[in-house]
Amino acid sequence: MEERLQKILARAGVSSRRAAEQLILTGRVQVDGQIITQLGCKVNASNARILVDGKAIGSEKKIYLLLNKPAGYITTLSDPQGRKLVTDLVRDIPERVFPVGRLDLDTEGALILTNDGAFAHSILHPSHEINRTYEALVRGQPSHNVIRRLSSGIELDGALTFPAKLRILRQESHRSLVEIIIHEGRKRQVRRMFQAVGHRVLHLRRTAYGNLRLNNLPLGHYRELSQVDIEQIFS
Ligand code: URA
């Protein structure tokens with residue numbers, strides 16, 4: 001997330017924003033080894049090395065949240081259509097956090113928010129193969145054959161999905177609750193996987209990220225993650 005340099009300096013407690021502009025204009029600020037004298041300069045604070053008078057700025061406290069996202073909130077940081085943002089639900093946190101990855105407008109459940117760009121990057125990196133567990137309420141009763149096809153991988157956008165783990169949690173005459181565990185994050189992946197085998201998703205909820213489970217966190221609420229929680233994501 002790129003922001004104006006003077007804003008980053010102010011938030012890091014270096015000075016007021018106005019005074020930070022003066023620091024920049026007088027050549028006292030360096031970003032990644034380059035002296036910056038332009039006020040328009042935008043920087044990603046999570047991975048840039050910012051020095052004032054040769055000293056690294058004290059970075060903002062890193063914070064990690066688990067939110068139980070309700071339907072009707074979007075996972076972008078702004079919305080031209082004026083829809084509700086997931087960050088509206090964490091307004092009382094002074095740090096500027098952003099969501100890690102995305103959940104559809106109509107999907108509920110576990111969403112991590114942080115101001116730690118490197119951490120977000122490592123969670124999302126495919127090499128870590130972090131499981132995302134979903135409960136999908138789908139129309140109909142998926143057969144053994146359908147479960148087998150979804151588990152072994154089906155074609156979406158010309159590429160096979162990675163193997164998934166599925167189990168039926170509940171079955172009624174017209175709909176079924178299915179747990180599906182995947183470690184990819186393709187757009188609307190779970191909905192499109194079920195759609196591809198003829199079962200529309202009626203409701204979707206992410207229940208866990210790695211081994212970090214939502215448990216009884218109420219919808220629309222968040223909690224701060226401890227080091228142990230963070231380890232659960234990667235375990
Ligand atoms: N798969 C989907 O289809 N939607 C989500 O929000 C997450 C995973």
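The values are calculated or read from the model by the stated rules, or taken from the named source; none is laboratory data. Bear in mind that the values here come from a model prediction, so they are computed numbers and not experimental data. Methodologically, a virtual Cβ is constructed for each residue, glycine included, from the backbone with ideal geometry; neighbour enumeration extends over all protein chains shown.
If I filter the stretch 140-152 for residues that are under 22 Å from residue 225 (Cβ atoms) and not assigned by TED's automatic domain parsing to the domain that holds residue 43, do I get at least one hit? So far as the stretch 140-152 goes, no, none of its residues is under 22 Å from residue 225 (Cβ atoms) and not assigned by TED's automatic domain parsing to the domain that holds residue 43. Cβ separations smaller than 7 Å between residues 6+ apart or across chains give the following pairs from the stretch 173-195 residues that are closer than 23 Å to residue 143 by Cβ and of a type in the set (A, V, I, L, M) to residues that are assigned to a helix (DSSP H, G or I) and more than 8 Å from the ligand (Cβ to nearest atom): 193/150. Summed over the stretch 54-72, the residues that are touching a residue at least 24 places away in the same chain (Cβ under 8 Å) and under 22 Å from residue 116 (Cα atoms) give a count of 13.
As a summary of the residue check, residue 78 satisfies the conditions (1) in a loop (DSSP other than H, G, I, E, B); (2) surrounded by 15 or more Cβ atoms within 10 Å (Cβ to Cβ); (3) in contact with a Leu (Cβ under 8 Å, 6 or more places away or on another chain) except for the one numbered (2).
Residue by residue, here is whether (1) surrounded by 14 or more Cβ atoms within 10 Å (Cβ to Cβ); (2) over 15 Å from the mean Cα position of the chain (by Cα) holds:
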| site | (1), (2) |
| --- | --- |
| 193 | yes, yes |
| 197 | yes, yes |
| 206 | yes, no |
| 217 | yes, yes |
| 224 | no, no |
| 227 | no, yes |
| 230 | yes, no |
| 233 | yes, no |
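Within the stretch 106-122, the set of residues being over 13 Å from residue 225 (Cα atoms), within 16 Å of the ligand (Cβ to nearest atom) and not charged (D, E, K, R) comprises 107, 109.
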